[in-house]
């Protein structure tokens, strides 16, 4: 019999410093997705890109100056416009993706709209090409070389129940019809494409459109899958959340390895990182039960941290203060950005004087064999914004966090060791 | 001190008195009843009488054509020539109609005949299943923003459900009702009840979302059918929930107190 009571080390770390706002930009429009941080011209200068509900793409420099704005509003005739939800007809509901499609050393920006148009813009915000699908594009666009020909393909799902594959020039290579709308951003594994649909299915198809496997969850799959070597070996696993409240881990053949139950819908891509230095990957994600979860590679909960509202945007894993320990950055619909200790915290349960308990008949065995406490999430910093946080991104070099809020504000939050 | 609530009359003699003078302005009211129970007539009569008082109302008919509605109302004895009634049978005409209403000093009713519009565009592909709901919202928004419209009738919710598939009715109806409340219009949503009168609305969520329910029914009595009306629910109102007989005499609706059973 192992006596654990009182022997567990408390893992909490106390940190100095604070989060401070460096600037705030008001786009004066609703934002629906996290920003994208990139070096468009390969000059070392970072750009902050984001789309708005009214259909504009903004490019800001690191000091919040507008570099350019692209208006993706499509011209429609008087009758057609009556059939549209005018407020969201042109909305950009996912983060833009970037890739050097033309091979000129500068990156293009690719994104889809509610009107079903995918645009590729050059680094100056000028259109390179556009492609019209039959239905809305609500998930992100992925750009990868799927067929191994050395050229990237542009892949996205649509409300018209098709997965589209375009070449780098915006020409349709192929499209595959499934039985429901696609709102999840696809992921690519070698020459296979994995994506979720609104009837709860996860599809894995080959570049040629052959269905390799499907896996059924019980509700819409809106999150992007993430692929990782969970156990540190060569085997890769697909991790994806569903709005049926479960996080699923599948093997490469689509067989369920484990599933983890939360109490809310899971909308976003999970983050993978070795947060406890065990050479395996842990999974960190948010749920609409208001919690951020850290789950180990076997699907066991390590810790969770509860905020006051849903967590819909993906979390970020980074060492924000450069102390050698990872932090989890999560934006919540409760308007707050939370920075959590990736290792969590061990909290002892309240137990009245040990001697007193030990003397009670029947208590001895329970007390000495059970855990004396539990792991929980540990908040290090919290920063309140002016609206629902729809996503954030990090500028790797400066560790600045760029937060998009539904109200239209873009906040740049930086870590400071000590207040002046 | 109790805040005075602005009310819109139903113009049914006897019923307004049973509701502290009418329905609270800005409320979304479900008007439920089986076929032939005079739902359209009662609601149009409200717009008509308000128009006689200089107000502007919007009536969106999803199935009954403007001509059929017009004929029916004229047969009832409503003097439509006394108000500015503007039919919209083509969506491109909406701006022109709004312009006419804005420049007219008398009260107006804009009748949007979606049935005729549907016939006209039946071969045009509609983007998704929310399209007709979007048309209704866009028309309401446009009319509300550009005129002094204060009343809206949708005839009917049941027809809307056949045109626009609601994947998640609870969520989508919540946002639709909130949209109507945000528009600050006194809204009457006509709901067709099944013959057994087992429910006031299709999904029954509408019962909770609405601010009030007015139930119209047909009750067989001897060799006749009696029309009856009752206020099932009316928020912010002390109302008499008894069943009234509904009659239309001399160009006026009347709610006659008759207790639970039809008049003997």
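The values are calculated or read from the model by the stated rules, or taken from the named source; none is laboratory data. What you see is a predicted model, and the numbers here were worked out from it, not measured in a lab. All Cβ positions, even for glycine, are placed from backbone atoms using ideal geometry, and neighbour counts span all protein chains on display.
Tabulated values for the structure
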| quantity | calculated |
| --- | --- |
| Subset tally (residues that are under 20 Å from the mean Cα position of the chain (by Cα) and either part of a loop (DSSP other than H, G, I, E, B) or within 14 Å of chain B (Cβ to nearest Cβ) (or both)) for the range A:91-101 | 6 |
| Residue selected from the range B:138-165 under the condition assigned to a helix (DSSP H, G or I) and under 16 Å from residue B:209 (Cβ atoms), by the criterion farthest from the other protein chains (Cβ to nearest Cβ) | B:158 |
| Only listed residue being assigned to a loop (DSSP other than H, G, I, E, B) and either free of Cβ contacts under 8 Å to residues at least 60 places away in the same chain or under 22 Å from residue A:278 (Cβ atoms) (or both), chosen from A:338, A:333, A:346, A:305 | A:333 |
| Among the candidates B:47, B:52, residue that is out of contact with any helix residue (DSSP H, G or I) (no Cβ under 9 Å at 6 or more places or on another chain) and in contact (Cβ under 8 Å) with a residue 24 or more places away in the chain | B:47 |
| The range A:311-329: number of residues that are in a loop (DSSP other than H, G, I, E, B) and in contact with a strand residue (DSSP E or B) (Cβ under 8 Å, 6 or more places away or on another chain) | 10 |
| Members of the range A:121-135 found to be surrounded by 20 or more Cβ atoms within 10 Å (Cβ to Cβ), touching a residue at least 40 places away in the same chain (Cβ under 8 Å) and not in a strand (DSSP E or B), listed by number | A:123 |
| Tally of residues being surrounded by 16 or more Cβ atoms within 10 Å (Cβ to Cβ) and more than 14 Å from chain A (Cβ to nearest Cβ) across the range B:81-99 | 5 |
| Count of residues meeting criterion [assigned to a loop (DSSP other than H, G, I, E, B) and within 14 Å of another protein chain (Cβ to nearest Cβ)] in the range A:23-78 | 3 |
| Test: residue in the range B:114-124 that is more than 14 Å from every other protein chain (Cβ to nearest Cβ), at pLDDT 85 or above, more than 24 Å from residue A:88 (Cα to Cα) and touching a strand residue (DSSP E or B) at 6+ places or on another chain (Cβ under 7 Å) | yes |
| Residue that is surrounded by 18 or more Cβ atoms within 10 Å (Cβ to Cβ), assigned to a loop (DSSP other than H, G, I, E, B) and out of contact with any helix residue (DSSP H, G or I) (no Cβ under 9 Å at 6 or more places or on another chain), where the choices are A:118, A:146, A:110 | A:146 |
| The range A:79-90 residues that are on the phi > 0 side of the Ramachandran plot and facing another protein chain (nearest Cβ under 9 Å), paired with ones that are at pLDDT 80 or above and outside any helix (DSSP H, G or I) (beta carbon under 6 Å, 6 or more apart) | none |
| Residue among B:60, B:5 that alone is in contact with a strand residue (DSSP E or B) (Cβ under 8 Å, 6 or more places away or on another chain), outside any helix (DSSP H, G or I) and modelled with pLDDT of 95 or more | B:60 |
| Scan of the range B:173-199 for residues that are more than 24 Å from residue B:37 (Cα to Cα) and free of Cβ contacts under 8 Å to residues at least 40 places away in the same chain, ordered by number | B:173, B:174, B:175, B:178, B:182 |
| Within the range A:149-171, tally of residues that are closer than 15 Å to residue A:114 by Cα, touching a strand residue (DSSP E or B) at 6+ places or on another chain (Cβ under 8 Å) and either away from chain B (no Cβ under 14 Å) or surrounded by fewer than 21 Cβ atoms within 10 Å (Cβ to Cβ) (or both) | 4 |
| Evaluation of residue B:183 against (1) over 22 Å from residue B:9 (Cβ atoms); (2) within 14 Å of another protein chain (Cβ to nearest Cβ) (one fails), failing number | (1) |
| Residue list for the range A:401-416, filter: under 26 Å from residue A:323 (Cα atoms) and surrounded by fewer than 21 Cβ atoms within 10 Å (Cβ to Cβ) | A:414, A:415, A:416 |
| Count - residues of the range A:261-281 that are buried (at least 22 other Cβ atoms within 10 Å of the Cβ) and outside any loop (DSSP other than H, G, I, E, B) | 1 |
| Lone qualifier among B:74, B:37, B:41 - being in a helix (DSSP H, G or I), farther than 25 Å from residue B:178 by Cα and under 15 Å from the mean Cα position of the chain (by Cα) | B:41 |
| Pairs with Cβ under 7 Å, 6+ apart, first in the range B:143-169 and over 21 Å from residue B:183 (Cα atoms), second in a strand (DSSP E or B) | B:158/B:191; B:158/B:192 |
| Subset tally (residues that are surrounded by fewer than 18 Cβ atoms within 10 Å (Cβ to Cβ) and outside any loop (DSSP other than H, G, I, E, B)) for the range B:228-246 | 1 |
| Evaluation of residue A:104 against (1) more than 14 Å from chain B (Cβ to nearest Cβ); (2) without any contact (Cβ under 8 Å) to a residue 24 or more places away in the chain; (3) outside any loop (DSSP other than H, G, I, E, B) (one fails), failing number | (3) |
| Any chance residue A:117 is within 14 Å of another protein chain (Cβ to nearest Cβ) and modelled with pLDDT of 95 or more | yes |
| From the options B:69, B:133, residue that is more than 13 Å from chain A (Cβ to nearest Cβ), buried (at least 19 other Cβ atoms within 10 Å of the Cβ) and not in a loop (DSSP other than H, G, I, E, B) | B:69 |
| Number of positions in the range A:184-209 that are in contact with a strand residue (DSSP E or B) (Cβ under 7 Å, 6 or more places away or on another chain) and within 14 Å of chain B (Cβ to nearest Cβ) | 2 |
